[in-house]
Amino acid sequence: MATFKEFRNNVKPNWCPGCGDFSVQAAIQRAAANVGLEPEGLAVVSGIGCSGRISGYIKSYGFHGIHGRSLPIAQGVKMANRELTVIASGGDGDGFAIGMGHTIHAIRRNIDITYIVMDNQIYGLTKGQTSPRSAAGFKTKSTPDGSIEQAISPMELALSAGATFVAQSFSTDLKDLTAIIEAGIQHKGFSFINVFSPCVTYNKINTYDWFKENLTKLATIEGYDSTNREMAMQTVMEHDGLVTGIIYQNKDRQSYQELIPGYAEESLTKAELQLSQESFDKLASEFM
Ligand SMILES: Cc1ncc(C[n+]2csc(CCOP(=O)(O)OP(=O)(O)O)c2C)c(N)n1
Ligand code: SF4
C-alpha cells in the first residue's frame with residue numbers, strides 16, 4: 001500500500017513560503033494513502049492559478065488544464081475511466097468566477113468526483129486582484145477604492161444547487177482537512193470541499209490569524225446534524241459562511257453514473273482504453 005510520501009512528485013513546489021496550498025497538497029497525499037489508493041489509481045486535474053500547480057506536485061495522473069475548466073476535464077476523465085479516483089482542484093477565481101457555470105452544473109449533476117477549491121479570496125497568480133470571494137470594501141490593484149461587490153457564499157450556492165457533499169476546512173487544520181478529503185473521496189457522488197488557504201503575499205486581510213479568530217468548527221456546535229440540509233443552510237448563513245467541517249452529506253441520492261442505464265455493466269476494460277489511446281495517437285499524428 002502506498003504511503004503519503006509516495007504521492008509526492010520529485011518537484012519543489014513553486015509557492016511562496018507560507019502559502020496555504022502546501023497543506024492542501026499534503027492533505028490530499030495523506031487522504032489518498034489513508035483510503036488505500038495507489039498513485040496510478042488517482043487523477044488530479046487542475047485549472048490555472050497558483051493553486052492549479054498542485055496537479056504537477058502530486059504523483060498521480062495529472063492534468064493542468066485551462067483557467068476555469070478543471071471540472072469539465074475531470075468529469076470527462078471519470079466518465080472515460082471509472083476506475084480512477086478523480087480530484088478536480090483550483091482557486092476561488094478558477095471555480096467561482098470564470099468556472100462558476102461548471103461548478104454549479106457539476107454539483108447538480110452529482111458525478112462521482114471530488115472538487116477541492118483553495119479559497120484565498122484573491123487572484124494570486126496574476127498578482128492580487130479582487131476575486132468573487134473578496135469581501136465588499138476589499139482593496140486591491142483592481143479595486144483601489146475597495147470592492148463595491150458582495151462576495152459570493154460557496155456553501156450556500158452548493159446547498160441550493162443540490163449538492164450531496166459539502167464541506168469546508170482551513171489549510172492549517174491538516175488532520176481535519178485530511179479526514180474531510182477522505183470522506184469526500186469515499187462519497188458516492190460529487191463532493192465539494194472549499195478550503196480556506198491563505199495567500200500570504202497578496203491578501204493581508206484574510207490571514208492565518210484572521211481565520212483563526214473568525215472560523216467556527218461545526219464539531220463545537222451542539223446538536224449539529226450534517227444530514228439536515230435546512231440546518232446546514234441556516235448554520236452557514238448565521239456564521240457568514242465561516243464554518244469548518246462536513247456541512248452536509250446526503251448518502252441516499254444516486255450518482256450521475258448510477259443513473260445511466262447499463263453503465264454499471266459496460267465498464268471499459270484496460271484493453272479497450274489502450275485501443276482508444278492508440279486510435280487517438282494515430283489521429284493526433286495526422287495533424288502533426
Ligand atoms: C481564460 C483565461 N482568463 C484569464 C486568465 C488569467 N488568470 C490566470 S490565473 C487567474 C486567477 C487566479 O486566481 P485563482 O483562480 O483564485 O487562483 P490562485 O492563483 O489564487 O490560486 C487569472 C485571471 C487565464 N489564464 N485564462
Ligand atoms: S501568490 Fe499567494 S496564492 Fe500564490 S503562491 Fe504566493 S502565497 Fe500562494
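The values are calculated or read from the model by the stated rules, or taken from the named source; none is laboratory data. Everything numeric in this text was worked out from a predicted model, so none of it was measured. Quick reminder, even Gly has a Cβ in these numbers, built from the backbone with ideal geometry, and neighbours come from all protein chains shown. Accessible surface is based on the protein model in full, side chains and every heavy atom, while ligands, DNA and RNA are left aside. Shrake-Rupley method; radii C 1.70, N 1.55, O 1.52, S 1.80 Å.
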Pick from the stretch 120-144, criterion farther than 21 Å from Phe22 by Cα and β-branched (Val, Ile, Thr), ranking: farthest from ligand 2 (Cβ to nearest atom): Thr143
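Could you pull out the residue among Gly95, Gly47 that is over 25 Å from Glu6 (Cα atoms), in contact (Cβ under 8 Å) with a residue 40 or more places away in the chain and crowded, with 18+ Cβ neighbours inside 10 Å?
From the options Gly95, Gly47, the qualifying one is Gly95.
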Search result, residues across the stretch 57-80 that are surrounded by fewer than 16 Cβ atoms within 10 Å (Cβ to Cβ) and more than 13 Å from ligand 1 (Cβ to nearest atom): Gly76, Ala80
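Let's see how each residue does on (1) open to solvent by 10 Å² or more (accessible area, probe 1.4 Å); (2) of a type in the set (S, T, N, Q):
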site: Glu149; (1), (2): yes, no
site: Ala158; (1), (2): no, no
site: Ala163; (1), (2): no, no
site: Glu182; (1), (2): yes, no
site: Ser191; (1), (2): no, yes
site: Asn214; (1), (2): yes, yes
site: Lys217; (1), (2): yes, no
site: Val236; (1), (2): no, no
Some residue of the stretch 30-47 being in contact with a helix residue (DSSP H, G or I) (Cβ under 8 Å, 6 or more places away or on another chain) and more than 30 Å from Leu259 (Cα to Cα): yes
Residues satisfying the stated conditions in the stretch 208-226, i.e. in contact (Cβ under 8 Å) with a residue 24 or more places away in the chain and in a loop (DSSP other than H, G, I, E, B): Leu215
Contacts under 7 angstrom Cβ, first residue in the stretch 101-120 being under 13 Å from Ala158 (Cα atoms) and part of a loop (DSSP other than H, G, I, E, B), partner at pLDDT 95 or above and open to solvent by less than 10 Å² (accessible area, probe 1.4 Å), 6 or more apart: Asn110/Thr164; Asn110/Gly189; Asn110/Phe190; Asn110/Ser255
Cβ pairs under 9 Å, 6+ apart, first in the stretch 235-250 and within 15 Å of Asp173 (Cβ to Cβ), second at pLDDT 95 or above and charged (D, E, K, R): Val243/Lys217; Thr244/Asp173; Thr244/Asp176; Thr244/Lys217; Gly245/Asp176; Gly245/Lys217
Single unsatisfied condition, Thr103 versus (1) modelled with pLDDT under 95; (2) closer than 24 Å to Ala32 by Cβ: (1)
Hits in the stretch 159-189 (condition: in contact with an Asp or Glu (Cβ under 7 Å, 6 or more places away or on another chain) and within 17 Å of Asn110 (Cα to Cα)): Lys188, Gly189
